[in-house]
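Enquirer: This is the structure, below, for whatever I ask next.
The values are calculated or read from the model by the stated rules, or taken from the named source; none is laboratory data. Predicted model, so just to flag it, every value in this text is computed and none were measured. Neighbour counts are summed over all protein chains in view; Cβ atoms, including those assigned to glycine, are modelled from backbone coordinates with ideal geometry. Accessible surface is based on the protein model in full, side chains and every heavy atom, while ligands, DNA and RNA are left aside. Shrake-Rupley method; radii C 1.70, N 1.55, O 1.52, S 1.80 Å.
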Amino acid sequence: MLTLMLCACSVILLQNHSVSEHNSFTANLLCMLAGLLVCAAALAPSIILKKRYDSDVPTLIGKSTPRLKLPFAVLYALYFTYVAASFLLTYTDLFCDKYYPGVSPCMVGLCLLGLCVYAAYKGVNIITRIGVFLFAFALLTNLLLFTGSASSLELSNGSFAMSFDLRETADTFFYFCTPAFVAALYAYTAGQTRYFRFRQPLLSLLFIAVKFALVLFFVTFSLGGYAQRQSYQTFILSRVAHFGSFAGMESFFISLLTLSVFMIIALALCCINRAAGKEKTLRLPVVTAVILFVINLISEWNSSFKELFSNSVLMLVFTLIVAVVIPAAYIWIGGKKREA
């Protein structure tokens with residue numbers, strides 16, 4: 001849950017005009033809370049499977065409906081490839097546009113994919129151990145980011161009144177549903193975890209909500225109209241944060257973002273390995289990494305193709321199918337078998 005929480009936080013780090021500029025802070029905050037409620041609901045079926053059967057989706061598919069193992073494996077492999085591509089494309093775009101202009105996004109993506117392939121080969125447990133160290137680094141980065149922005153706060157930059165544009169509110173809500181992808185990751189790896197407690201997902205969602213709310217607050221009231229004229233507003237916040245003459249926390253920000261996206265892609269590759277029934281293999285992660293690299297390459301010259309991987313509604317629909325509908329079906333199947 002700690003690792004998945006850090007993965008979810010990458011959503012706000014990669015925010016790029018996805019939060020309405022015309023809504024008030026209060027309206028965007030309510031959209032964020034509503035989106036995270038959807039994420040909590042998406043986690044519920046997998047949590048029930050874990051608590052009731054101490055298992056996960058691929059294990060139950062293999063035991064209960066072995067004939068459906070292959071089609072479901074293909075479906076989940078497509079989903080995890082889509083998630084990995086979505087975050088990879090956004091990350092490389094930010095990195096090359098804001099932090100290191102002139103470098104090819106494909107080369108940045110290739111380097112990151114190489115690390116993810118190695119991590120996927122080592123397995124989920126290695127990745128979650130990295131999450132412990134990343135959590136400490138995330139706390140330090142957030143402390144620097146928010147305290148360094150406090151001196152720039154101007155409440156006149158935004159509004160606490162309830163004002164909103166209906167269409168932009170819907171778009172903002174769907175954007176804040178994006179962290180629900182962690183429910184699919186958990187649905188596919190829950191059987192490998194131990195000592196589950198209900199408070200773990202609750203505390204994780206609470207941390208995510210606090211992090212998102214603080215980012216929204218400081219972007220609105222520290223950056224104001226300047227944020228609206230810039231892409232990747234959270235990165236701009238890290239650049240503006242300062243302590244006296246010491247300015248710019250973007251190196252901390254990029255390090256945190258890189259590790260978060262790394263864990264998302266590495267876990268997605270691990271889940272694809274599980275879908276194929278091969279936990280310790282290098283061939284499948286390499287093949288998937290090649291596919292992701294090709295997607296990255298095509299996206300460089302075809303913007304319409306790239307937009308498919310930044311569609312919040314498409315991501316949410318796909319997530320609800322694999323993280324809610326299918327796990328819920330196996331909860332029902334398991335209950336029917338017990339009655340029999």
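Enquirer: I want to verify the translational diffusion coefficient of segment 128-178 in µm²/s; compute it with Stokes-Einstein, Rh as the Kirkwood radius over Cα pairs, at 20 °C and 1.002 mPa s. Kindly include the intermediate steps, with their values, before the conclusion.
Expert: Working: Rh = 14.5 Å.
Stokes-Einstein gives a translational diffusion coefficient of 148 µm²/s.
Enquirer: First measure r as the distance between the Cβ atoms of Val290 and Glu154, then evaluate 1/(1 + (r/R0)^6) with R0 = 51 Å and state the FRET efficiency to the nearest 0.05. Can you show the working numbers first?
Expert: Working: r = 49 Å, r/R0 = 0.95.
Calculated transfer efficiency: 0.55.
Enquirer: Where does segment 258-316 land on the Kirkwood hydrodynamic radius, alpha-carbon pairs, in angstrom? Kindly include the intermediate steps, with their values, before the conclusion.
Expert: Details: mean 1/r = 0.0773 Å⁻¹.
With all distinct Cα pairs of segment 258-316 included, I get 12.9 Å.
Enquirer: Quick one: pull the percent of accessible area on the chain belonging to carbon and sulfur, 1.4 Å probe, ligands and nucleic acids left out. Spell out each step's value before the answer.
Expert: On the way: 10210 of 15470 Å².
Answer for the chain: carbon and sulfur cover 66 percent of the accessible area.
Enquirer: If you put +1 on each Lys and Arg Cβ and -1 on each Asp and Glu Cβ, how big is the dipole of the chain around its Cα centre, in Debye rounded to 20? Intermediate results must be reported in sequence, preceding the final value.
Expert: Details: 24 positive and 14 negative charges, 346 e Å.
So the dipole magnitude of the chain works out to roughly 1660 debye.
Enquirer: Over the chain, with the other protein chains present, what is the accessible area per residue in square angstrom, probe 1.4 angstrom? Spell out each step's value before the answer.
Expert: Details: 15470 Å² over 340 residues.
Roughly 45 Å² per residue, with all protein chains present.
Enquirer: So if I take the alpha carbon set of segment 1-68, get Rg, then get Rh from the Kirkwood formula, what is the Rg over Rh ratio?
Expert: On the way: Rg = 17.2 Å, Rh = 14.9 Å.
Over the Cα atoms of segment 1-68, Rg/Rh equals 1.16.
Enquirer: May I pose another question? Once both labels are modelled 7 Å past Cα along the beta-carbon direction, what's the Thr147-Ser304 spacing in nm?
Expert: For Thr147 paired with Ser304, the spin-label model returns 5.1 nm.
Enquirer: What are the trypsin sites (Lys or Arg not before Pro) within segment 220-298 that DSSP puts in a loop, where the Cβ has at most 16 other Cβ atoms within 10 Å?
Expert: Arg229, Lys278, Lys280
Enquirer: With no solvent and one point on each alpha carbon, what is the Debye value of log10 I(q)/I(0) for segment 1-151 at q = 0.11, 0.12, 0.19 Å⁻¹?
Expert: The Cα Debye sum returns log10 ratios of -0.64, -0.77, -1.59.
Enquirer: Sticking with the crude label model, points 7 Å out along Cα→Cβ, report the distance from Glu21 to Tyr118 in nm, one decimal please.
Expert: Once both label points are built, they end up 4.1 nm from each other.
Enquirer: Give the residue list of trypsin sites (Lys or Arg not before Pro) in segment 176-209 that are DSSP loop and have at most 10 other beta-carbon atoms within 10 angstrom.
Expert: Arg194, Arg197
Enquirer: While we're here: Please sort 206-214, 258-266 by packing, taking for each peptide the average over its residues of neighbouring beta carbons within 10 angstrom, highest first. Could you put the intermediate results ahead of the total?
Expert: Working: 206-214: 18.0, 258-266: 24.0.
Final packing ranking: 258-266, 206-214.
Enquirer: Based on the alpha-carbon gyration tensor of the chain, what equivalent-ellipsoid semi-axes (square roots of 5 times the eigenvalues) come out, in whole Å, largest first?
Expert: Details: eigenvalues 226, 106, 68 Å².
They are 34, 23, 18 Å, listed from largest to smallest.
Enquirer: Between Val132 and Gln230, how high is the FRET efficiency from 1/(1 + (r/R0)^6) when r is the Cβ-Cβ distance and R₀ = 45 Å? Nearest 0.05. Intermediate results must be reported in sequence, preceding the final value.
Expert: Values: r = 33 Å, r/R0 = 0.74.
After rounding, the FRET efficiency stands at 0.85.
Enquirer: Give the whole-number value, in cubic angstrom per residue, of the convex hull volume spanned by the C-alpha atoms of segment 138-271.
Expert: Working: hull volume 19.6 nm³, N = 134.
With only Cα atoms used, segment 138-271 gives 147 Å³ per residue.
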